[in-house]
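Working notes, structure below.
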Amino acid sequence: MLICRKGFRHAYRDKQELTGAIARAERMAREYGVAFEPLDGRALQRAEPNLLIPLAGAIQWLDPWTCRDPEALVAAYTKLFKAAGGTVVSGDAMTLHARQGKWAVDIPGATGPMVARDAVICLGSQSAQLTTRFGLRVPLFCKRGYHLQLKSSRGPNLLLVDAKNSTVLAPMVSGLRILTGAELSRPSSAGTTSQLNHAIVSARELFEIEAPRDADPWMGNRPCMPDMLPVVGAVPGQSGLWANFGHGHQGFTLGPTTASLLAHEMAGNSATFPELSPCYRF
Ligand SMILES: Cc1cc2nc3c(=O)[nH]c(=O)nc-3n(C[C@H](O)[C@H](O)[C@H](O)COP(=O)(O)OP(=O)(O)OC[C@H]3O[C@@H](n4cnc5c(N)ncnc54)[C@H](O)[C@@H]3O)c2cc1C
């Protein structure tokens, strides 16, 4: 199953924290219509029989979907794109340059660059480096995250956040995945181990944890803006050049959504996004 439509749970070890979380969830439901169900310790244990220790309870968010194999989902997007007539080629996007009123990127081994009327800068954490060359300076920074993929597991049935320890336990097609919170770091800096070690300890308290599938943990960067809003729209003063990056913690979900809205705008429809300022000031 690629997509699970049953929501996910924030679990609490402490009764007082659970009470506070329920009050916050009630406010979210009232003000934003977010659906949830509170579970006491017994209901949580019934839903998650692999839990090794009793917890105070959980909030079950009912609306979100989760993806149990992000790589397969991206492969499915690529297949859809090709079926609609798209072509996928690889080249260094940093070679982007203007060429006779169009945009060009060098493609290794090809007879000439790939040329198009429009180009979208969407290079994750590398995006700001390229936009600066075209006059758009953005204070993009990274929040790194780590995960460890286990071979198989006796973990949770539904994605579970151990709220106290900022640890996410995600059942994936290929077994249990343990994820960390955010670490402020430069994209080029070496990985650290403290957050993941902490997450593994808290995961072990909750579930029987088996051997990791991969020798090294995965690390990835969440490209963030100080206001946590993505940079989407026309690059000022550069006809046919567009931006779609900086989606922070939600890029896997939100990136395709803003891309679809941007494609609508690029096709000549009225602008969906406010004009980008050539230089963000915070
Ligand atoms: C631990 C963790 C958990 C997360 N969980 C979630 C979640 O649950 N839900 C969610 O929505 N989001 C989640 N995210 C955030 C999400 O992964 C990011 O927001 C998203 O990946 C950003 O997408 P992007 O396409 O902008 O950048 P990226 O995914 O970084 O993609 C940028 C691409 O550009 C390519 N590139 C860079 N430079 C060049 C170049 N010079 N030439 C050619 N190609 C280049 C890179 O190779 C890469 O493929 C999580 C992130 C982390 C780290």
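The values are calculated or read from the model by the stated rules, or taken from the named source; none is laboratory data. Small disclaimer: the values here were computed from a predicted structure and weren't measured. Virtual Cβ from ideal backbone geometry, glycine too; neighbours counted across all protein chains shown.
Listed by first and then second residue, the pairs with beta-carbon distance under 8 Å, at least 6 apart or on different chains, first residue in the range 238-249 and in a loop (DSSP other than H, G, I, E, B), second among the β-branched types (Val, Ile, Thr) and within 13 Å of the ligand (Cβ to nearest atom), are Gly246/Val138; Gly246/Val231; His247/Thr258. Of all the residues in the range 43-72, those that are farther than 24 Å from Gly20 by Cα and within 16 Å of the ligand (Cβ to nearest atom) number 8.
Scanning the range 120-149 for residues that are of a type in the set (Gly, Ala, Ser), within 12 Å of the ligand (Cβ to nearest atom) and either more than 30 Å from Asn197 (Cβ to Cβ) or over 19 Å from the mean Cα position of the chain (by Cα) (or both) turns up Ser127, Ala128. Here Glu205 meets each of (1) modelled with pLDDT of 95 or more; (2) charged (D, E, K, R); (3) part of a loop (DSSP other than H, G, I, E, B) with one exception, condition (3). Name every residue in the range 221-244 that is within 10 Å of the ligand (Cβ to nearest atom) and in contact with a Lys or Arg (Cβ under 7 Å, 6 or more places away or on another chain), in order of residue number. Once the filter is applied, which keeps residues that are within 10 Å of the ligand (Cβ to nearest atom) and in contact with a Lys or Arg (Cβ under 7 Å, 6 or more places away or on another chain), the range 221-244 yields Asn221, Arg222, Cys224. Of all residues in the range 150-165, those that are assigned to a loop (DSSP other than H, G, I, E, B) and either over 24 Å from the mean Cα position of the chain (by Cα) or away from the ligand (no atom under 11 Å from the Cβ) (or both) total 7. Restricting attention to the range 173-202, which residues are of a type in the set (A, V, I, L, M, F, W, C), under 24 Å from Ala72 (Cβ atoms) and part of a loop (DSSP other than H, G, I, E, B)? Correct list: Val173 only. Checked against (1) in the same structural domain as Lys164 (by TED's automatic domain parsing); (2) under 30 Å from Thr111 (Cβ atoms), Thr95 passes all but condition (1).
Of all the criteria given as (1) within 15 Å of the ligand (Cβ to nearest atom); (2) in contact with a Lys or Arg (Cβ under 6 Å, 6 or more places away or on another chain), the one not satisfied by Gly175 is (1).
Within the range 52-62, the presence of a residue that is within 19 Å of Leu123 (Cβ to Cβ) and either of a type outside the set (A, V, I, L, M) or at pLDDT below 95 (or both) is excluded. Do the conditions hold for Ala104, that is, is it within 13 Å of the ligand (Cβ to nearest atom), outside the structural domain of Ala203 (by TED's automatic domain parsing) and not basic (Lys, Arg)? No; evaluated as a whole, the condition is false for this residue. For the range 218-237, the set of residues classified as in a loop (DSSP other than H, G, I, E, B) and surrounded by fewer than 20 Cβ atoms within 10 Å (Cβ to Cβ) consists of Met225, Pro226, Asp227, Met228, Leu229, Pro236, Gly237, listed by residue number. Every listed requirement among (1) assigned by TED's automatic domain parsing to the domain that holds Leu179; (2) over 16 Å from the mean Cα position of the chain (by Cα) is met by Gly220 save one, (2). Against the numbered list (1) in the same structural domain as Ala215 (by TED's automatic domain parsing); (2) in contact with a strand residue (DSSP E or B) (Cβ under 7 Å, 6 or more places away or on another chain), Ser127 comes up short only at (1).
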